[in-house]
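Each remark here refers to the structure printed beneath this line.
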Amino acid sequence: GKETRLRVVLRVRPLTCSEARRGDQRVVHSLGDGTVHVSAARQDATFGFSAVFDAGDSQEAVFEGSGMRQLVELAIDGFSCTVFAFGQTGSGKTYTLMGPLGQSETHAASPALLGLMQRSFACLLEQSRSRGSDLALSASYLEIYNEQIRDLLSPGPPCTLPLRWSKTRGFYVENQLSVDFESLEAIASLLLQGSQRRRTSAHALNRHSSRSHALLTIHIRSRNVSSSSPPPWVQQASACPSRQGTLCFVDLAGSERVKETGSSGELSIEANNINRSLLALGHCISMLAKPRGKRTHVPYRDSKLTRLLARSLGGSGVTLMVACISPSSRCLSETLSTLHYASRARRVTTRP
């Protein structure tokens with residue numbers, strides 16, 4: 001019930017081969033102790049975060065250093081937990097969350113390259129065994145594409161689902177499919193199934209650009225039971241009450257400039273919808289970053305993305321934000337925009 005700030009960490013991806021061949025300069029430098037320095041023509045600024053991961057940091061280092069393990073433990077304890085990655089298109093958001101693209105059931109990624117999602121699943125099941133908790137686990141997976149919510153786990157073509165609101169639940173998606181799972185292989189299969197159905201396209205800045213925001217939610221219902229086997233009436237009396245927590249992973253589509261990506265037609269419409277929803281998210285964060293006494297209306301209803309993230313951003317959730325940026329001089333404008341965006345988010349507080 002105490003106010004807690006959003007935890008914001010930064011990940012700087014390496015220069016790509018094409019950027020190096022083009023002669024792009026590296027303009028973002030980690031200074032250690034959670035700070036980065038941006039140095040370029042007419043730009044000289046330093047930003048501080050809870051943690052900064054440079055190009056050489058491994059996926060495991062990001063998992064351990066970001067506080068993701070603690071987030072999993074809080075979800076088991078019954079809290080509503082959210083982690084979301086944001087940044088320019090091609091900045092490494094999906095890689096950070098899911099690992100390399102192109103995975104399949106026959107060609108799985110190397111264990112060292114697994115992202116926050118897969119590592120969290122393993123941690124969740126490990127914690128369940130070590131605590132002696134009886135966990136009931138299920139997963140739901142959706143995307144917001146052109147302001148339409150689509151279920152990524154339902155059989156057949158992705159169907160559009162309505163977004164509702166109630167006093168008890170807040171904003172929620174009606175008729176969303178939730179699938180039970182008990183093993184790491186089962187949830188990994190659900191993640192792969194859903195991600196392969198997600199809308200992606202290629203353009204000048206990214207060969208696998210996500211054209212939708214994706215939300216994977218793990219529903220955790222736990223009930224501690226005694227390891228011995230007393231009579232049924234004794235076990236019923238001593239059992240702890242059940243707790244229900246959630247762990248939500250949000251992979252935001254990347255912000256992009258249509259001129260830079262060379263998008264036209266349908267790609268241009270998608271980009272405009274992506275940028276509009278990210279702008280609405282930015283407005284909510286700016287308002288939430290103000291002291292409570294100076295806040296006016298927080299515009300959650302401006303997009304479906306902000307409605308679904310309302311509880312995570314300004315309500316009763318525990319939230320981790322992973323800002324992903326490119327160190328390239330060519331991406332300086334978008335990098336600065338992401339850094340300012342993330343800096344504002346550090347002032348947002350919730351009451352878990």
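Just a few scattered comments:
- Summed over segment 256-293, the residues that are charged (D, E, K, R), modelled with pLDDT of 80 or more and assigned to a helix (DSSP H, G or I) give a count of 2.
- The requirement of being touching a helix residue (DSSP H, G or I) at 6+ places or on another chain (Cβ under 7 Å), within 13 Å of Phe171 (Cβ to Cβ) and of a type in the set (Ser, Thr, Tyr) is fulfilled somewhere in segment 284-304, by at least one residue.
- Residue within segment 145-152 that is open to solvent by less than 20 Å² (accessible area, probe 1.4 Å), part of a strand (DSSP E or B) and in contact with a Cys (Cβ under 8 Å, 6 or more places away or on another chain) present: yes
- Of all residues making up segment 7-32, the number that are hydrophobic (A, V, I, L, M, F, W, C), over 17 Å from Leu332 (Cβ atoms) and surrounded by fewer than 20 Cβ atoms within 10 Å (Cβ to Cβ): 2
- For segment 310-333, filtering for residues that are in a helix (DSSP H, G or I) and closer than 22 Å to Leu97 by Cβ leaves 5.
- Among the residues of segment 5-33, those identified as under 15 Å from Gly87 (Cβ atoms) and among the charged types (D, E, K, R) are Arg11, Arg13.
- Condition broken by Leu135, with the remaining ones in (1) surrounded by fewer than 23 Cβ atoms within 10 Å (Cβ to Cβ); (2) part of a helix (DSSP H, G or I) satisfied: (2)
- Residue match in segment 334-352 (condition: of a type in the set (Lys, Arg), surrounded by fewer than 21 Cβ atoms within 10 Å (Cβ to Cβ), under 18 Å from the mean Cα position of the chain (by Cα) and part of a helix (DSSP H, G or I)): yes
So that you can scan it fast, the table gives a plain yes or no per residue for (1) among the charged types (D, E, K, R); (2) under 29 Å from Ser337 (Cβ atoms); (3) not in a strand (DSSP E or B):
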site: Val62; (1), (2), (3): no, yes, yes
site: Leu71; (1), (2), (3): no, yes, yes
site: Ala75; (1), (2), (3): no, no, yes
site: Gly78; (1), (2), (3): no, no, yes
site: Met117; (1), (2), (3): no, yes, yes
site: Ser120; (1), (2), (3): no, yes, yes
site: Glu126; (1), (2), (3): yes, no, yes
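- Screening Thr4 with (1) open to solvent by less than 20 Å² (accessible area, probe 1.4 Å); (2) in contact with a Pro (Cβ under 7 Å, 6 or more places away or on another chain) gives one miss only, at (1).
- Remark: Leu142 falls outside the filter, which requires a residue to be outside any strand (DSSP E or B) and at pLDDT 90 or above.
- Looking across segment 16-58, the residues that are at negative phi and assigned to a loop (DSSP other than H, G, I, E, B) come down to Thr16, Asp24, Gln25, Val27, Ala41, Phe49, Ser50, Asp54, Ala55, Gly56, Asp57, Ser58.
- Qualifying positions in segment 148-173 - hydroxyl-bearing (Ser, Thr, Tyr) and more than 21 Å from the chain's Cα centre (by Cα): Ser154, Thr160, Ser166, Thr168
To keep it simple, each residue is scored yes or no on (1) more than 21 Å from Val250 (Cβ to Cβ); (2) at pLDDT below 90; (3) among the hydrophobic types (A, V, I, L, M, F, W, C).
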{"residue": "Ser91", "(1), (2), (3)": "no, no, no"}
{"residue": "Leu97", "(1), (2), (3)": "no, no, yes"}
{"residue": "Pro100", "(1), (2), (3)": "no, yes, no"}
{"residue": "Thr106", "(1), (2), (3)": "yes, yes, no"}
{"residue": "Ser110", "(1), (2), (3)": "yes, yes, no"}
{"residue": "Arg119", "(1), (2), (3)": "no, no, no"}
{"residue": "Leu125", "(1), (2), (3)": "yes, no, yes"}
{"residue": "Ser128", "(1), (2), (3)": "yes, yes, no"}
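- When Ser226, Ser210, Ser222 are checked against the criterion of being open to solvent by 30 Å² or more (accessible area, probe 1.4 Å) and either at pLDDT below 85 or not charged (D, E, K, R) (or both), a single residue qualifies: Ser226.
The values are calculated or read from the model by the stated rules, or taken from the named source; none is laboratory data. What you see is a predicted model, and the numbers here were worked out from it, not measured in a lab. Using ideal geometry, Cβ is built from the backbone for each residue, glycine included, and neighbour counts are taken over all protein chains shown. These area figures cover heavy atoms from the full protein model, side chains too; ligands, DNA and RNA do not enter into them. Shrake-Rupley method; radii C 1.70, N 1.55, O 1.52, S 1.80 Å.
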